[in-house]
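Here's the structure we're looking at; comments come further down.
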Amino acid sequence: MAREQVSRRNFLKGTSVLAGAAAGTVAGATLAPAAATAAAKGSGGNAPDALASAFLDDAVVTFDAPHQAGVETPGQAVLNLVAFNLLPGKNTKEDVARLMRVWTEDARRLTSGVAPMGDLEPELTWSTANLTITCGFGASLLDKIGLQDKKPAWLKPIKAFSRDKLEPQWGEADIVLQVCADDPLTLSHATRHMMRAAQVYATTFWMQSGFLNAKGAIAQGAPPRNLFGFIDGTVNPSTPEDYNSQVWLSETDSDQDWMVGGTCMVVRRIYQDMEEWDKLDLLSRNLVFGRDQTTGAPLSGGDEKTDADYKKTDDTGLPVIDPNSHMAKSANSMLHGPDQFRRRAYNYDLAPAPGQTFKSNQGLIFICFQKDPIAQFTTIQDRLDAGDRLNQWITHIGSAVFAILPGTGEGRDTYWGQSLLEA
């Protein structure tokens, strides 16, 4: 994703007109005086100039663009995925439009390192840390505001699979915000602000928090791993052509004009039975996945990106890659076929809940983006449900589908969902 490098030093210079004042606002954004800000950032024996060039301090992901950030954007270190339901009496297009105007402007400011109006902790916006805030609508929202005829054909709950044990508290909702960053404090503040800004219109239904490696813990561009130790997302789209064919909706493949430039998000909360997984040796784990845990390469040879050879056999004549391995079951017989999508998963690791059946509380917040979940996600999940060896150690306990809105900016919607809400 293109990144707009905003120098913190230049940003602070822009507030020099406030010198001598205790505080001030610019277009509703609370700003600290330049001298006070520099002094605060230089506390602890660190020079302001040194901190101004800190790795994550000025790491900005552009907000206004044809597509929302947080889809193509490389996975940041931490995630808060928050689902909301409209409050009683706040179920009109006008109510939702008011919320979206506030949210869009606040998200634009937060992701740029500018405190939104009413933010009483502006210091917590200084480090942008690659913050992204991504918004989507659920099917129930369109039903509540009388726009049932505007729902894309795919905007509905994923069909039930035989191995699902879905828990209602992780189910469908009216609206979703995906908030991601490379700093936990930046993430927490942005999430709390967006929740506070919504309190007149909507209530929080659920929040799913997840993590990947901290920025700098692994080489830049290295793929993330799940808690089973395996690389996640090897077959993700990697070029603009891939994203256009698999992820972004165009005028020719969207049945709703307001979704052109948007995409579909599927969220699955997947419990991982770590106690039982720990009983497997490395060879057994590799056979379950069909890949080498260390390198990510298919067991037929090569490296992580090498195409698997499903016909290759060992000395006894057995397939090197088990036909029921996770990779074999999830792969399309035609590589890069129509059922590929953008995986953007996060791990979770929580204390067991009181009365919980499982011994641990760890797993995967599986998030994927695609044009049509029926043709893409469901097609793959049908194969996995039918006989994936990994099914012995995982259980799908949550499921939701959201329409991720197109991007904003000049020549586009000025706020999230404008084309739908003002039609």
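Can you pull out every residue in the range 115-129 that is surrounded by fewer than 23 Cβ atoms within 10 Å (Cβ to Cβ), among the aliphatic types (A, V, I, L, M) and modelled with pLDDT of 95 or more?
Of everything in the range 115-129, just one residue is surrounded by fewer than 23 Cβ atoms within 10 Å (Cβ to Cβ), among the aliphatic types (A, V, I, L, M) and modelled with pLDDT of 95 or more, namely LEU124.
Considering the range 75-128 alone, what residues qualify as being under 20 Å from the mean Cα position of the chain (by Cα) and in a strand (DSSP E or B)?
Across the range 75-128, the qualifying residues are VAL78, LEU79, ASN80, LEU81, VAL82, ALA83, PHE84, ASN85.
Looking for whichever is buried (at least 17 other Cβ atoms within 10 Å of the Cβ), assigned by TED's automatic domain parsing to the domain that holds GLY229, charged (D, E, K, R) and closer than 23 Å to ASN286 by Cα here; the options are ASP315, ASP322. Which one fits? Even if it seems obvious, please write down each step before you answer.
Numbers: ASP315 fails: buried (at least 17 other Cβ atoms within 10 Å of the Cβ).
Just one listed residue meets the conditions, ASP322.
Hey, can you tell me all the residues within the range 232-267 that are aliphatic (A, V, I, L, M), within 19 Å of the chain's Cα centre (by Cα) and at pLDDT 95 or above? Let's see the steps before the verdict.
To start, the set of residues in the range 232-267 that are aliphatic (A, V, I, L, M) comprises 235, 247, 249, 259-260, 265-267.
From what is left, the residues that are within 19 Å of the chain's Cα centre (by Cα) are 235, 247, 249, 259, 265-267.
Once the filter is applied, which keeps residues that are aliphatic (A, V, I, L, M), within 19 Å of the chain's Cα centre (by Cα) and at pLDDT 95 or above, the range 232-267 yields VAL247, LEU249, MET259, MET265, VAL266, VAL267.
Looking at the range 286-297, is at least one residue under 20 Å from the mean Cα position of the chain (by Cα), of a type in the set (Gly, Ala, Ser) and outside any helix (DSSP H, G or I)? Walk me through how you get there before you give the answer.
Initially, the range 286-297 is screened for residues under 20 Å from the mean Cα position of the chain (by Cα), giving none.
No: the range 286-297 contains no residue that is under 20 Å from the mean Cα position of the chain (by Cα), of a type in the set (Gly, Ala, Ser) and outside any helix (DSSP H, G or I).
Checking ALA403 against (1) in contact (Cβ under 8 Å) with a residue 40 or more places away in the chain; (2) closer than 22 Å to GLY233 by Cβ; (3) not in a loop (DSSP other than H, G, I, E, B), which single condition isn't satisfied?
Result: ALA403 passes all but (2).
Look through the range 38-73, keep the residues that are modelled with pLDDT of 95 or more and of a type outside the set (A, V, I, L, M, F, W, C), and return whichever of them is surrounded by the fewest Cβ atoms within 10 Å (Cβ to Cβ).
So the residue we want is PRO66.
With respect to THR132, is the statement that it is β-branched (Val, Ile, Thr), assigned by TED's automatic domain parsing to the domain that holds PHE402, more than 30 Å from GLN392 (Cβ to Cβ) and touching a Gly at 6+ places or on another chain (Cβ under 9 Å) true? Spell out the reasoning first.
On the way: β-branched (Val, Ile, Thr): yes; assigned by TED's automatic domain parsing to the domain that holds PHE402: yes; more than 30 Å from GLN392 (Cβ to Cβ): yes; touching a Gly at 6+ places or on another chain (Cβ under 9 Å): yes.
It is true that THR132 is β-branched (Val, Ile, Thr), assigned by TED's automatic domain parsing to the domain that holds PHE402, more than 30 Å from GLN392 (Cβ to Cβ) and touching a Gly at 6+ places or on another chain (Cβ under 9 Å).
Find all pairs meeting these conditions: Cβ atoms under 9 angstrom apart; at least six residues apart or on different chains; first residue within the range 105-123 and under 13 Å from VAL60 (Cβ atoms); second residue in a helix (DSSP H, G or I) and among the β-branched types (Val, Ile, Thr).
Within 9 Å, the pairs are ARG109/THR125; LEU110/THR125; LEU110/THR186; SER112/THR125; GLY113/THR125; VAL114/THR125.
The values are calculated or read from the model by the stated rules, or taken from the named source; none is laboratory data. Everything quoted here is computed from the prediction, not taken from an experiment. For neighbour counting, all protein chains shown are included, and Cβ atoms are generated from backbone atoms with ideal geometry for every residue, glycine included.
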